[in-house]
Structure formats: C-alpha cells, structure tokens
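S.K.: This structure is in structure tokens; I'll ask about it shortly.
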Amino acid sequence: MNAVLEFFKKPFLRKYTNYIVVALFTVIFAILSLTGGLKMGTQFLLEQIGIAVLLAVSLGMVVGFLGELSLGHAGFMCVGAYVGGKLSSLLVGAMGGNEDSIVALLLALLVGGLVAAVFGIIIGLPALRLRGDYLAIVTLAFGEIVRSVFMNMPERLFGGTTGLETPRFDRKYLFVFAFLLVLACLAVTQNLMRSKHGRAIVSIKDNEIAARATGIDVTKYKLFVFTISSFFAGIAGVLYSYSNVRLQSVNFDYNYSTEILVMVVLGGMGSINGSMIAAALITFLNVKLQTMLTGNLAVLQKLFYAIILILIVIYKNAPGLKGFREKYNLKALFDKLFKKKPVAEDMADGKEGDDAE
Amino acid sequence: MKRILALVLAVLMIAGCCAALSSCSKTTKTIKIGLSGPLTGGAAVYGQAVKNAAQMAVDEINAAGGLNGIPLELKALDDVHDSSKIATNYAELMDWGMQVSLGCVTSAPCLEFLKYAKDDSVFFLTPSASNDGVPNGENSYQMCFADGNQGKVAADYVNSLYTAGNLGKLGIFYKSDDNYSKGIYDQFVANLNSAIDEKVMSFTDANATDFTTQIGALAECDFIFMPIYYEPAAQFMIQGKDTIRDTAVYYGCDGFDGLEGQLGDDMDEIDQAISMLSHFNSKATEGKAKEFIDKYTAKHGTDTLNQFGAAAYDCIYALHKAMTELIAEGKEIDHKTDAADLCEMLKGKFNGGFTYSGATGSNMKWEGGFVNKGAIAYEIKARAAA
Amino acid sequence: MNFLSVLISGLGAGATYAIIAIGYTMVYGIAKMLNFAHGDIIMVGGYAMFVTLALVGHPVAAVAAAILAAVLVCVLMGVSVERFAYKPLRGASPLAVLITAIGVSYLLQSLAQIIFGSASKMLSGLQIAGHVMLGTLRINYVTLVTLAVTVVLMVALTLFIKYSKTGRAMVAVSEDRDAALLMGINTNAIIAITFAIGSALAAIAAYLMLAKGASLANTLGAMPGIKAFTAAVIGGIGSLPGAVLGGILLGVVESLSYSIPALAPFTDAVEFGILIVILLVKPAGLLGKARREKV
C-alpha cells in the first residue's frame, strides 16, 4: 500500500494524478456498465456528474483564473444544447433514426461547442469594457436573453414551449463520452494554466494594470479565456441535449448558472481538481436529496441544501473561524482516528499538493 | 483539501439522514405506483394537490382491502417542473419496483417520462399532463383533456357566439412561456373564425405579479379568453376588476378550476362573469365530485383543492378498477407482476372499452390514450344584473 | 392615448422596481456585495403582512398594522441575515458572500413553503382599488401611490445620506471602508443600518406589490429582485437617483413591450437587452460615476 502511494508521489506522476483518477473511474464504470453492473440511476447520475464537471471546470477558468464573475454560463450551455441538439436530431433523422450514432454525436459536439464559443467572443467583447459586477449582470442578462429567444423561436425550428426533441443516446455509453470529454477539457485547461499563457491569465486576475504594464495583451487573453470556457459550456450543453429527450429553454435560467458558480466557489477558486470534486459531490448530493426525500419530505430538499451551502461557505471562508478551522478539520480528525496509520496523512498531503495551481 | 473533505463528509451525513428517513417506509407486499411532480418550486401547488389526492385514494382503497388483498403503495418524487430531473426520478422509481404509474403532473416532464416509460413498457395514466403529445394508446393515457382539444372546443364555442351576434369584442390573455397555455392558445387561434378580430395580450413567468399593462389593453373587451391556470387568472381578475368592463365575460379552460378557492370572498367584488370548460368544478354540489371535495377538504383544506387533485384521485381509482376487472377476468396481478406484463394487460383493458366514472366525469372511455368524456361548461359566476 | 396609458402602467411597475433597486444599490454600495436574497426579503414581508391581516380584525387598522409588521419583520430578518450569514464572511472573498446569499435565498423560499404551503394567497385587504380619469386616460390610485411613495423615499433617503451623521458615515464607508474605520466610524454598525434600511424598503415594496393585487407565493420576490438588480445597474450601482431612473426605465420598457403582441413573448429578452445596450454605451450605468483606477 505504502509503496503504491510512494509511487504516486513521484513528481512526474503527481502532475497527472487527476488524469489517472478520472481515467480509472471512466474505465471502471464503463466496464461495469457494459457488463450490466450499473443501475439505471447510477448511469444517469454519472451523466449528470460528467456534465456538471465540464461546466464547473470551464466556468472555473473565467471565475477562478481570470477573476471575472460570470452569471450566464447556462446561457452558453443553452446555445450549445440547442444548436447541437438540433443538428443531431437532423443527422439522426437523416441516418434513419439511429439515436446512438457516434458520428452525429461528435459532429453535434463540435458544432455546438463552436457556436457557443462564437457567443463567448460576442460576450467577451463587452467584458473588456466592463468590470466586476457589471460584467456579472451582463452575463446574467445574456443568459436570460438566450433562454427567452430560444423559447420564442418558431416551433418547427426549436420546439417552442414544448421543447426541442433531441436524440437520447444509449445511457450505457453516454456517460463514458462525458467522462472522456472531461479528460479532454482537463487536458486543455490544465496545460493552458501551466503554460506561460496561464501565468499571464492569472497575473491579469491579480493585477490587471500591472499585467498590462508588463506587456501582457490583456484584451487578447480575456477574450481567449471566455471563448475556451464557452466552448466547453457548449459541449456540456450538447451532452445535456443527448441526456434529455427534450430541451426546455426554461431550465437554462440564472439559477442554473448560479448552481455552477456554487460548484466553482466551493471547489476553491483557481483549483481545477477542486471544481471537479465539488461538481461531482454537489450533483451527487442533489440527486440523493431528490430521490430520498420523497412525498411529504420533498419540501426539505432545498432547505437541507441551503443549510449545507451556508455552513460550508462560512466554515471555509470566515476569517474569524481561522483558528477553529485549524483545530477542527478533517485532516486533524483523520490524524486523531488513525494515529497509528500515518498513511492517511500522507494521502491528504499528496492530494493537497496537487490541488494548488 | 480540507474543504473538499468537509464537503464529502457533509454529503455523506446528509445522505445518511435521508436514508434513515426514507427507509422507514419499507414494506414488502404492495402494488407499487410511481409519480413525479413539482412538489416544490413555482408549480408546487399542482404537484402537492396530485400527491395529496392520490395518496388519499390509495389510503381509502387500502382501508377497503387494497387490490384483492394486496395494499397499494404510492411513491411521489419531486421534479420541480424541471424535465431534466425526470431521468433520475424514473430510474429511482424503477429501482423501487414501480409496476404502474401516474406519470408526471406537468406536461414537459411527462414528455420526458414518456420516452423512458415507453422503452420499458410501463403503463401510466397521467392526471394532468395535458400536452397533445403525451397519450399514445400504448402505455400512456390521460385523465385530463388534451390541450389542443380544449383550444378547439373553446374556439367552436366562441365562433358560435360570434355567429349568434353575442360575442362583442374578443380579447385573449395567455402565458407565452407555458406550454399548457401556449398549446391551447395556438389551437384556439387556428380554429377561430377568421372574421373575428381579437386583441391578444400575454405574460411570462418573469412578470407574473403585475398585469396592469395587459389589463389596460383589454379594458374594452367584452369576452376575454384566458387559457391559463387559476392563480394568475385570479390575480388578473382582482387587478382588473375596476378596469375591465363590468359586463365582460372571462372564459377559461380546465386551468380555471380552483378560482373560487383562490378568490374566496373577493369573488363578490368581481362584477365580470366567469365561466369555464372543464371536467371538474371544485364547487360541485353533487355526485362523486362533491364526495371528493368533502374528503379532500377535511384532510388538506381548500388551499390545494383543484382539478389536478380530483384527476389524480380518479387515476388511482381508475387503475384500481381496471386491475380489479382484470383479476376478475382471471388475470393474475399481484405485488410480483412485472411492469411490462401489467402494461400489456392494462393496455388491452383501456383500449378495449373500459369505462370509469369518478369525480372528473362519468362513463369515461379512452381512445388512443386520449380520454373521452363530456366537458362540462361551468358558470362560476353569472353576469351581474345590469 | 393608448400609448399614454401604457406609459403610466409602466411608471407604476417601474416605481416598484425602483424601491427595491434603492435597497439593492445601497447594500451594494456599502457592503460591496450582490445580495441575491434581497428579493426574498420582499417575500418575507409579504408573509408578515399575511399573518398580520389574519390576526387584526379591523380593516383599516389591519393595513396599518400589516405594513408596520412587515417593516419590522423585514428589518429584523435583514439584519439577522447580515449578522449570521454575511458578517462572518467580512474580509473573505466577495464570491463567498455571493454564494451564501444564494443559500439564504433558497433557505427563505423553502422555509416559506414549509410554513405557509405551496398555494399562493390573495391579500385583497391590502389592495388599493379605484382610479381617477384624466379625460379618457385612466390612472389607478395604486399607481399614484406607488409613484408618490417612491419619490418621497428617494428624496428622504438622499437627504438622510447627505445631511445626517449616519448618512455621511455611509458615504464614507462606501468610498473606503478601511479609511472610514480609521476615522472612527463603526463600519459594522453602518453596514447593519444599511441592511435595515434596504430591508425596510423591501417591506414597502412588498406592500406596494400586494396593493396592486399580486398574489403572494414564496417566489414573490425572486424575479422582481433580479429586475431590481438590473435596474440598479442600469442607473449606475451606488446611485439612488440612478436606481429610481433605472427602475422606471425598466418598468416602462416592460410595459411597452407587453403592449405589442408580437414582441410580448420576448419581453424578458427586451428588458435584459436594454441593460446590455446601456452598459455598452455607458459602462458605469446612466448616472454612475466611472472610476479611473489608479496605480
């Protein structure tokens, strides 16, 4: 056991731990799914986790690395979902109704992502003029506009209030694609952030004027980050369209955007791994609340969620609780429980190192 | 890292609590009926009504011996009127062992539910998902009127008023981002006599508290068609009671049901006449509707009394009746019956001239999944004496 | 004539947004946080009035008592939310506070459903009926009352901020919190007072919405809250006249958009579109001061 942990602590491998973990998950679940070892609910949950992780990581680029607040991520997702969903339903129709066509899926992903990226550029342009919360409201406004426009497009085009009917990919495989896309997104973001461009982007967040003074093309980088981020949001949207039978534009409202923002903030600003883990856990939590609190208990879902949210944010952020945090945290708890097993501590340490970017 | 671990722990704790709460209701031998509806959020009143009424029917049936001695069991999941939550709910219900279903309370989620239920051949009879695309006559059946049909019937009525010279100026007020309202509106306009000149106003969810503008525009109308639910309708009537002509008529579809409970004593302050075309009237004074109203009100008050609940109550009883008849015909139905087998039996039953009479109509029959029953024109409030 | 009546109903709707926006803009200016739960304070005020109306028998006394109760409950709620959910995070990242505010919003909405049920309620006891006719133009009393209340509140608050000691302390805190602290201003108290004022305004907005005949549900304040936020930004965050201007503009645009049937379904898009256009032309809002950042 110790030897394995030691092996993973090698600097070369530590750099890629998160890839390995995601890849392992993908392979394990894919095998389970193919052999019929996964329940339907788990397959749906994994799809949702994949989509949420993509959204959180891509929003994390804008919020965590670039330091701009965006409240319209669901809007980019909506664009991707509708464009990709329309394309895939046309392709599937043309190919004789095979909803599981991989060609259609890949084409839809590409086109949905690209169109969303174009919208990212369109919204990124004002982002250059606006600062802080003004940008936040513009992105929120953008999301609401997209939602309203798609709903009121002619019914034969985008389905109107009944929603756009899109192909539903075989649930046995869809989450595997989602996880593979998470890996691709991880590769892009992580490599970008570890490159000199990434350092330039972070320097804009830390001090825009200083960054400008050192010759960094702030405009170019901001636009670049917005575009990449909305590309992946669009991809997530296409996956969403494939995981639902019908797209309802009303679901892409600002509440969805704030939900993604919660994942990014809880995961820790500027931490890709944090975003991924928070997205997975929050999705898991919400699904569990949804399926366990049924009937008369359903009203407690949002209450529990809200209380957990508030407590966690205060616990991990409140300056006044610094001493408390240092005394009572899970690492300390682990140390106490497993005093004779320093392994636990090692593990926590090992991951901590990777967390910081 | 600490934070993430904290998050993990919190999630596990909550999951544990939930598991503890939900495991209380574990029973063994029951006929399992699944339902998904908006138990929270903006449409919660409809989901709550369905859940309460369906549970009430289940309790009554169980008290009377269940289905051939086997009790029924209802599991209602919350979908917040959000179709993206349906896959999860459906999987959870199937995991639980759902044998037959009430589908979803609202249309958009129900269309989502339909896809999965059709693949697995799960029979469902929805109380209130009224979209025309829901019923298919294979596994999906409606207890309520379909939207398109309602729009057409309403248009026919308006056309007949026009031909008789009794229409006056026609106004329409609908909710543009709601598929119930939009669906009826589209069919209404499509079937409306083209000689009629109508004034159309609409609203959206984002602006559902202030109708002053729309009321001002409809002030001169004599007949106002409102294919919307009773909550915004009541608000429109209250806000417009001075502005809209005293002699005007408000005309709505089954969504109007619940208006009287919503308006309460304020009904007296509204001079305009109100009528609707529906399968249920929450002020019914006789028959099974009255029985349902009394029982529901005794248990849950009048807050959530509406046609959604009445239809859900009927759904449970209709399913019970169909299954009882099937058993009488020699079919075997018990807690072990597979959903697909049950679907096959129920499909044969519902497509083969099964009739049911309940709170929302008598001698109902099903054709292609659509319910066939008489729409009743209710006059909630007559025109005030001039 | 038709245009005028649309304009007037727009003014009425806008004035309500304006009152909420004033609260938004003050809290933002001083606490530097987007209070996503501000709209839900309106809903709390609505339920406070609902309970009071049920308790007090006499119709006129009930209205007065209801307004008073709503203001008290909202102030109490606003201040305690600030104390327990936001204050511990002072000095932390503004995003953490934003997330907490979202949490508080969920919390208030679900508590309201648990306590008062899912069915919406009509509070006709609060309604202001009647109208005056100017020629053929009909003006509802409630529109006049809303406009008057908005103007009075705006003027009173402007004077308060300009001339009272507390008001000037508020300006100081909003300009530079640390410097204000050094000057001996109790910034915590000032922030609490701001939340109290903002919440009281939310209570009054709740009254005006219900006086217009809105039905009370746990989502009563959610969308108006977002609209008011939009209005505050249109007017320039931090500026009281800006908030009023933004609110009125938004209300009129909304009203005009609804009056054109083909455009009506797109009203949400139109309103938010106006915001984007205005920010593109004036990045700090209509009356906001563009701040040059110094190195």
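S.K.: Output the number of the condition that residue B:28 fails; it satisfies all remaining conditions of (1) under 18 Å from residue B:108 (Cβ atoms); (2) β-branched (Val, Ile, Thr); (3) modelled with pLDDT under 90.
M.R.: Against the list (1) under 18 Å from residue B:108 (Cβ atoms); (2) β-branched (Val, Ile, Thr); (3) modelled with pLDDT under 90, residue B:28 comes up short only on (1).
S.K.: Conditions: (1) closer than 25 Å to residue C:119 by Cα; (2) within 18 Å of the chain's Cα centre (by Cα). Residue C:53 meets all but one. Number of the miss?
M.R.: For residue C:53, the exception is condition (2).
S.K.: Filter region B:93-130 for residues that are among the acidic types (Asp, Glu) and surrounded by fewer than 24 Cβ atoms within 10 Å (Cβ to Cβ) and give the result.
M.R.: Within region B:93-130, B:95, B:119, B:120 meet the criteria.
S.K.: Of A:87, A:106, which residue is over 16 Å from the mean Cα position of the chain (by Cα), free of Cβ contacts under 8 Å to residues at least 24 places away in the same chain and surrounded by fewer than 24 Cβ atoms within 10 Å (Cβ to Cβ)?
M.R.: A:106
S.K.: On to the next question. Step by step: first the residues of region A:132-167, then only those that are among the aromatic types (Phe, Trp, Tyr) and more than 8 Å from chain C (Cβ to nearest Cβ), then the one that is farthest from residue C:268 (Cα to Cα). Which residue is that?
M.R.: Only one residue fits best here, namely A:158.
S.K.: Identify, from the list A:266, A:285, A:239, A:303, the residue that is without any contact (Cβ under 8 Å) to a residue 12 or more places away in the chain, within 14 Å of chain B (Cβ to nearest Cβ), assigned to a helix (DSSP H, G or I) and in contact with a helix residue (DSSP H, G or I) (Cβ under 6 Å, 6 or more places away or on another chain).
M.R.: Checking each option against the conditions leaves just A:303.
Residue-by-condition table, conditions (1) in contact with a Gly (Cβ under 8 Å, 6 or more places away or on another chain); (2) without any contact (Cβ under 8 Å) to a residue 60 or more places away in the chain; (3) closer than 25 Å to residue B:131 by Cα:
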{"position": "B:177", "(1), (2), (3)": "no, yes, yes"}
{"position": "B:186", "(1), (2), (3)": "yes, yes, yes"}
{"position": "B:192", "(1), (2), (3)": "no, yes, yes"}
{"position": "B:244", "(1), (2), (3)": "no, yes, no"}
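S.K.: Looking at (1) under 30 Å from residue B:353 (Cα atoms); (2) outside any helix (DSSP H, G or I), find the lone condition where residue B:152 falls short.
M.R.: The one condition residue B:152 does not meet is (2).
S.K.: Name the residues in region C:9-33 that are surrounded by fewer than 24 Cβ atoms within 10 Å (Cβ to Cβ) and either within 13 Å of chain B (Cβ to nearest Cβ) or over 16 Å from residue C:157 (Cβ atoms) (or both), would you?
M.R.: The answer is C:11, C:32, C:33.
S.K.: Continuing with this model, one more query. For region B:242-275, enumerate the residues that are buried (at least 24 other Cβ atoms within 10 Å of the Cβ), within 14 Å of chain C (Cβ to nearest Cβ) and not in a helix (DSSP H, G or I).
M.R.: The answer is B:244, B:257, B:258.
S.K.: If a residue counts only when it is away from chain A (no Cβ under 11 Å), which helices (runs of 4 or more DSSP H) contained entirely in region C:201-288 have at least 2 such residues?
M.R.: It comes to C:222-235, C:240-259.
S.K.: Please verify whether residue C:42 is in contact (Cβ under 8 Å) with a residue 40 or more places away in the chain, assigned to a helix (DSSP H, G or I) and within 14 Å of chain B (Cβ to nearest Cβ), treating the condition exactly as stated.
M.R.: Against the criterion (in contact (Cβ under 8 Å) with a residue 40 or more places away in the chain, assigned to a helix (DSSP H, G or I) and within 14 Å of chain B (Cβ to nearest Cβ)), residue C:42 qualifies.
S.K.: Let me ask you something else. Out of all the residues in region B:190-210, which are in a loop (DSSP other than H, G, I, E, B), closer than 19 Å to residue C:265 by Cα and more than 25 Å from the chain's Cα centre (by Cα)?
M.R.: B:210
S.K.: Now for a different question. Being in a helix (DSSP H, G or I), farther than 29 Å from residue C:233 by Cβ and either in contact with a Pro (Cβ under 9 Å, 6 or more places away or on another chain) or not aromatic (Phe, Trp, Tyr) (or both), is that true of even one residue in region C:3-22?
M.R.: No, region C:3-22 contains no residue that is in a helix (DSSP H, G or I), farther than 29 Å from residue C:233 by Cβ and either in contact with a Pro (Cβ under 9 Å, 6 or more places away or on another chain) or not aromatic (Phe, Trp, Tyr) (or both).
S.K.: For region C:163-218, how many residues meet the condition of being basic (Lys, Arg) and crowded, with 24+ Cβ neighbours inside 10 Å?
M.R.: 1
S.K.: Here are C:199, C:257, C:215: which of them is among the hydroxyl-bearing types (Ser, Thr, Tyr) and free of Cβ contacts under 8 Å to residues at least 40 places away in the same chain?
M.R.: Within the list C:199, C:257, C:215, the selection yields C:257.
S.K.: Right, something else. Can you tell me which residue in region A:212-251 is surrounded by the fewest Cβ atoms within 10 Å (Cβ to Cβ), limited to those that are small (Gly, Ala, Ser) and under 20 Å from residue A:168 (Cα atoms)?
M.R.: A:243
S.K.: When you go through (1) buried (at least 23 other Cβ atoms within 10 Å of the Cβ); (2) over 22 Å from residue B:360 (Cβ atoms) one by one for residue B:66, which number turns out not to apply?
M.R.: Here residue B:66 clears every test but (1).
The values are calculated or read from the model by the stated rules, or taken from the named source; none is laboratory data. On a predicted model such as this, the values are computed, not experimentally measured, just so you know. In this analysis, Cβ positions are derived from the backbone assuming ideal geometry, glycine residues included, and neighbour counts consider all displayed protein chains.
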